[in-house]
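The values are calculated or read from the model by the stated rules, or taken from the named source; none is laboratory data. Everything quoted here is computed from the prediction, not taken from an experiment. Ideal geometry is used to build each Cβ from the backbone, glycine not excepted, and the neighbour counts take in all protein chains shown.
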Amino acid sequence: MKRLAAVAILAVALQSNSSTNAAPPAQNKPQAPADLNSILEPIRQKNDLPALVGAIVTSKFLTAVGAVGVRKYGTNSPVTIYDQFHLGSDTKAMTATIIAMMVETRRLDWKTTLAAALPELASKMNPAYRQVTLEQLLSHRAGFTAESWPQGSTIDDMRHLTGSPREQRWAYAQMILKEPPEVAPGTKYLYSNRSYAIAGVIAEKAADKPWEDLMREWLFDSLGMTSCGFGAMGTPGNLDEPLQHVLTLGVHRSVEPGPLADNPAVIAPAGTVHCSVIDWARFVQAHLRGDEGHGGILEPGTFKKLHTPPYGDYAFGWLVVDRTWAGGKALTHAGSNTQNYALVWMAPLKDFAVLVMTNQGGDKAAKACDDTATALIQFQQREPGGGR
């Protein structure tokens with residue numbers, strides 16, 4: 001089997017950065033991650049994507065990784081496993097994780113209400129929202145509409161709000177919370193970026209820090225996720241990271257990075273993180289370890305909380321389903337800002353997860369990521385010790 005010699009240390013690095021409460025040491029020295037390029041390339045070509053990356057991670061090691069294609073469609077600039085890709089709504093599990101840290105340190109409680117968390121807005125918000133809890137927000141039970149932008153506003157209006165990102169989110173919260181809910185809060189699952197945007201505002205209020213700083217200091221730094229950032233990847237005018245792409249009438253159009261090339265800051269906690277597949281694997285590995293009872297950035301019981309839907313089948317940034325290949329419980333989420341696509345499947349009972357990312361949005365990219373996830377799950381099952 002081919003191995004990626006250049007990343008031979010990654011299996012060890014992932015293990016060493018994942019927890020302060022280390023699991024028992026592995027009995028065997030970890031091998032270099034397997035090279036997934038032979039699996040990824042046919043799928044990339046079949047779906048005519050600019051690039052496709054994937055990884056398989058367990059609670060202890062990065063077991064396989066690959067990156068194929070180019071940073072910009074039609075060029076010869078190859079992607080690498082260290083390149084940054086956009087996570088879209090897979091950011092939600094990260095936001096839920098830092099909020100869980102606040103619950104552990106008693107800054108917040110899962111039953112904290114909007115009125116209690118945002119007292120300055122309590123008298124101004126629609127009365128229906130006052131008793132909505134943090135738990136309901138993070139499980140999409142707040143009654144918010146799926147439309148991200150305030151009534152009468154557009155995405156461009158939100159991109160051009162004045163002030164710092166935190167100030168923009170505060171202004172956004174005031175607009176959103178004045179509107180009536182689509183359904184009575186607590187009665188129905190309605191997926192909405194508004195829920196995680198408001199949860200981010202609550203986190204900022206509780207910690208008195210911008211959400212971006214909380215993510216860097218509490219999550220990225222703690223897990224050694226050095227490639228992480230916010231918004232479109234790369235530097236304008238340079239091909240130093242993958243460009244985002246949209247497919248229109250069969251034509252690939254690359255999108256230069258910049259403040260107008262991603263979701264606006266008002267919904268950043270719902271979907272603006274970018275990072276390498278290796279760093280994303282560090283985050284997912286932390287959740288696998290937590291589900292096994294090893295803790296780390298959170299106590300094991302808190303990880304279990306994050307992986308357990310309080311209502312229906314949506315937990316805290318995770319859709320929880322039953323899959324035979326996972327031995328039962330599987331957690332998944334997809335993310336896209338319409339110019340990228342990212343997908344994760346986590347099988348805690350089998351101790352592995354697969355991650356897939358591409359720098360193109362749309363249905364074809366979503367189908368390619370689904371097919372890649374299936375292929376990586378099958379690869380993992382064929383490996384010695386691939387299922388427990």
Practice task
State all residues of segment 311-331 that are in contact with a strand residue (DSSP E or B) (Cβ under 8 Å, 6 or more places away or on another chain), crowded, with 21+ Cβ neighbours inside 10 Å and over 19 Å from residue 379 (Cα atoms); if no residue qualifies, say none.
Solution key: 315, 317, 318
Practice task
Mind counting the residues in segment 188-211 that are under 24 Å from residue 334 (Cα atoms) and free of Cβ contacts under 8 Å to residues at least 60 places away in the same chain?
Solution key: 3
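Listed here are the residues, each with its yes/no results for (1) in contact with a Leu (Cβ under 9 Å, 6 or more places away or on another chain); (2) farther than 22 Å from residue 301 by Cα; (3) of a type in the set (S, T, N, Q); (4) surrounded by fewer than 22 Cβ atoms within 10 Å (Cβ to Cβ).
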site: 56; (1), (2), (3), (4): yes, yes, no, no
site: 63; (1), (2), (3), (4): no, yes, yes, no
site: 73; (1), (2), (3), (4): yes, yes, no, yes
site: 83; (1), (2), (3), (4): no, yes, no, no
site: 92; (1), (2), (3), (4): yes, no, no, no
site: 101; (1), (2), (3), (4): yes, no, no, yes
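Looking only at segment 253-297, count every residue that is assigned to a strand (DSSP E or B), in contact (Cβ under 8 Å) with a residue 24 or more places away in the chain and over 11 Å from the mean Cα position of the chain (by Cα) and tell me the total. Can you show your working first?
Here is the first cut: in segment 253-297, the residues assigned to a strand (DSSP E or B) are 253-255, 273-276.
Going one step further and asking which of them are in contact (Cβ under 8 Å) with a residue 24 or more places away in the chain, we end up with 254-255, 273-276.
Within this subset, residues satisfying the condition of being over 11 Å from the mean Cα position of the chain (by Cα) are 254-255, 276.
Qualifying residue count, segment 253-297: 3.
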Practice task
Could you tell me whether residue 237 is modelled with pLDDT under 95 and either surrounded by fewer than 18 Cβ atoms within 10 Å (Cβ to Cβ) or within 17 Å of the chain's Cα centre (by Cα) (or both)?
Solution key: yes
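Got at least one residue in segment 348-357 being assigned to a loop (DSSP other than H, G, I, E, B), in the same structural domain as residue 40 (by TED's automatic domain parsing) and surrounded by fewer than 24 Cβ atoms within 10 Å (Cβ to Cβ)?
yes
Can you tell me which residues in segment 312-326 are assigned to a strand (DSSP E or B) and out of contact with any Lys or Arg (no Cβ under 7 Å at 6 or more places or on another chain)?
Answer for segment 312-326, where residues must be assigned to a strand (DSSP E or B) and out of contact with any Lys or Arg (no Cβ under 7 Å at 6 or more places or on another chain): 314, 319, 321, 323.
Yes/no per residue for (1) assigned by TED's automatic domain parsing to the domain that holds residue 272; (2) over 30 Å from residue 303 (Cα atoms); (3) acidic (Asp, Glu):
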| site | (1), (2), (3) |
| --- | --- |
| 77 | yes, yes, no |
| 106 | no, no, no |
| 121 | no, yes, no |
| 137 | no, no, no |
| 148 | no, no, no |
Completion exercise
Note: among 60, 124, just one is over 30 Å from residue 277 (Cβ atoms), of a type in the set (Lys, Arg) and part of a loop (DSSP other than H, G, I, E, B), namely 124
Exercise for the section: Test each condition in (1) surrounded by fewer than 19 Cβ atoms within 10 Å (Cβ to Cβ); (2) hydroxyl-bearing (Ser, Thr, Tyr); (3) not assigned by TED's automatic domain parsing to the domain that holds residue 113 for residue 254 and report the one that comes out false. Expected result: (1)
Exercise for the section: Return the pairs, sorted by first residue and then second, in which the second residue is aromatic (Phe, Trp, Tyr), the first residue lies in segment 317-330 and is free of Cβ contacts under 8 Å to residues at least 24 places away in the same chain, the beta carbons are less than 8 Å apart, and the residues are 6+ apart or on different chains. Expected result: 320/314; 330/345
Practice task
Considering each of 290, 317, 301, 335 in turn, give the residue that is at positive phi and either not assigned by TED's automatic domain parsing to the domain that holds residue 257 or not aromatic (Phe, Trp, Tyr) (or both).
Solution key: 317
Practice task
Check whether at least one residue in segment 40-51 is among the aliphatic types (A, V, I, L, M) and surrounded by fewer than 24 Cβ atoms within 10 Å (Cβ to Cβ), and report yes or no.
Solution key: yes
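May I ask you to verify whether residue 72 is charged (D, E, K, R) and assigned to a loop (DSSP other than H, G, I, E, B)? Steps first, answer last, please.
Working: charged (D, E, K, R): yes; assigned to a loop (DSSP other than H, G, I, E, B): yes.
Yes, satisfied.
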Exercise for the section: Those residues that are surrounded by 22 or more Cβ atoms within 10 Å (Cβ to Cβ) and under 16 Å from residue 121 (Cα atoms), I need them from segment 172-193; list them, please. Expected result: 172, 173, 176, 177
Handout entry: Among residues of segment 300-309, those that are in contact (Cβ under 8 Å) with a residue 12 or more places away in the chain and more than 20 Å from the chain's Cα centre (by Cα), counted
Key = 0
Exercise for the section: Please work out if residue 169 is in contact (Cβ under 8 Å) with a residue 12 or more places away in the chain, surrounded by 14 or more Cβ atoms within 10 Å (Cβ to Cβ), basic (Lys, Arg) and assigned to a loop (DSSP other than H, G, I, E, B). Expected result: no
Handout entry: Of the criteria (1) assigned to a loop (DSSP other than H, G, I, E, B); (2) surrounded by 22 or more Cβ atoms within 10 Å (Cβ to Cβ), which one residue 209 fails
Key = (2)
Practice task
Please enumerate the residues belonging to segment 56-89 that are of a type in the set (Val, Ile, Thr) and more than 23 Å from residue 380 (Cα to Cα).
Solution key: 70, 75, 79
Problem - Considering residues of segment 108-119 that are touching a residue at least 60 places away in the same chain (Cβ under 8 Å) and either in the same structural domain as residue 343 (by TED's automatic domain parsing) or not in a helix (DSSP H, G or I) (or both) only, the residue nearest to residue 222 (Cα to Cα) - result: 108
